[in-house]
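Okay, so here's the structure we're looking at.
The values are calculated or read from the model by the stated rules, or taken from the named source; none is laboratory data. Just so you know, these numbers come straight off a predicted model, no measurement behind them. Side chains are part of the model used for accessible areas, which takes the heavy atoms of the whole protein and leaves out ligands, DNA and RNA. Shrake-Rupley method; radii C 1.70, N 1.55, O 1.52, S 1.80 Å.
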Amino acid sequence: MGFFASLINSMPSAVAQGLIWGIMAIGVYLTYRILDVADLTVDGSLGTGGAVCVVMVLNGVPVGLALLAATAAGMLAGLVTGLFHTACGIPAILAGILTQLALYSVNRNVALNNPILILVIFCAVLIAVLYWFFGTELGCSLRATGANQNMARAQGINTNVAKVLGLMISNALVALAGGLLA
């Protein structure tokens, strides 16, 4: 009976981790499927988001503000990758690798112990905001850029801006997942 009791006791933690990994998966999905860019920056921005969140919380910053800072750090990582790709002309996969390697110096491994109800509500709100965003004109331009870059450009969409914005949102979500995981 001890085995089943420990299994039941570990379920909330497992579900909470699943929700956090789901946020990360949405970030990866955004660049890989919607923008059609293989972005390896997310490997580094997950750890960076966690590191930023942990350092700020340990220095007395409220958790909500620390999560916002972790998200901003991920957006910065996506901005760097986007600028490497669009402004410098570096292929997207190489730009992601360069940013990922630069972020490795701050990666940390930390554990999770978050209340599951808060994570469920947080994930539901995040999904609702993303659903709303991709219904806006800017969100549609991101989807159009990923579907057919040449046609999107012919429709007057600045595909470079769309790529950079998509990379920023994607890495922000992954860094937020890292912060939540921390």
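Angle of helix 137-147 to the longest C-alpha principal axis of the chain, folded into 0 to 90 degrees and rounded to 10: 80°. Calculated over segment 115-182, the projected area of the Cα convex hull averaged across directions stands at 4.9 nm². For the chain, the solvent-accessible area works out to 54 Å² per residue, with a probe of 1.4 Å and every protein chain left in place. Given segment 11-58, what whole percent of its Cα pairs are spread farther than 18 Å? Tail fraction, whole percent: 45. Stokes-Einstein diffusion for the chain, with the hydrodynamic radius set to the Kirkwood value over Cα pairs and evaluated at 37 °C in a medium of 0.692 mPa s, equals 194 µm²/s.
Principal-axis analysis of the Cα atoms of the chain puts helix 2-29 at an angle of about 10° to the longest axis.
Considering only alpha-carbon pairs that sit under 8 angstrom and 6 or more positions apart, the relative contact order computed for segment 22-166 is 31 percent. Could you tell me what percent of the accessible area of segment 2-94 is made up of carbon and sulfur, with a 1.4 Å probe and every protein chain present? Using a 1.4 Å probe with all protein chains present, segment 2-94 comes out at 76 percent carbon and sulfur. Computed from phi, the 3J(HN,Hα) profile of segment 79-87 under the Karplus parametrisation 6.51, -1.76, 1.60 (θ = phi - 60°) reads 4, 4, 4, x, 6, 4, 6, 8, 7 Hz, with x in place of Gly and Pro. To the nearest ten degrees, helix 159-181 and the longest principal axis of the Cα atoms of the chain are 10 degrees apart.
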